[in-house]
């Protein structure tokens, strides 16, 4: 029996494509790196926090990045890419577990 979540694959692919290829101040390469688990060195600790402990992200993180010269748009775009990448990996992990138990 196919997984119920698989019906959304097209929408998820569209979302990833829009995040990577849509207009913005960051490059496709920077967004892809954030999505895949890395990103600009200056933002590495912050993006890791977004991926692994998003509940700990605070205003102080934004202040530190802004003080280092990172634009609000760049912070937003790479945050979305990092969060989407983390969510995609978790979703795929859940799908694998469901397939194994079926």
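Each reported figure results from applying straightforward, stated rules to the coordinates on display, with no laboratory input. Predicted model, so just to flag it, every value in this text is computed and none were measured. Neighbour counts run over all protein chains shown; Cβ positions are idealised from the backbone, glycine included.
Would you mind classifying segment 58-102 by shape? Square roots of the alpha carbon gyration tensor eigenvalues, ordered a ≥ b ≥ c; an a/c under 1.5 is rounded, otherwise it is prolate if a/b is larger than b/c and oblate if not. Prolate, since a/c reaches 1.5 and a/b exceeds b/c.
Hey, in the GNM for the chain with a 10 angstrom Cα cutoff, which one of 24, 39, 85 fluctuates hardest? With Cα springs under 10 Å in the chain, the top fluctuation among 24, 39, 85 is at 24.
Ordering 79, 27, 48 by the number of other Cβ atoms within 10 Å of each residue's own Cβ, fewest first, gives 27, 48, 79. Measuring nothing but how far apart in sequence close Cα pairs (under 8 Å, 6+ apart) lie, relative to its length, the chain scores a relative contact order of 34 percent. Quick check: from the Cα gyration tensor, does segment 26-80 come out rounded (a/c under 1.5), prolate or oblate? Oblate is the answer for segment 26-80, as a/c is 1.5 or above yet b/c matches or exceeds a/b. Helix content alone sets the calculated 222 nm mean residue ellipticity of the chain: runs of n ≥ 4 DSSP H residues at -39500 (n - 2.57) each, divided across all residues, give -22500 deg cm²/dmol.
Computed over the alpha-carbon atoms, the chain gives an Rg to Rh ratio of 1.05, Rh here being the Kirkwood radius from the mean inverse distance.
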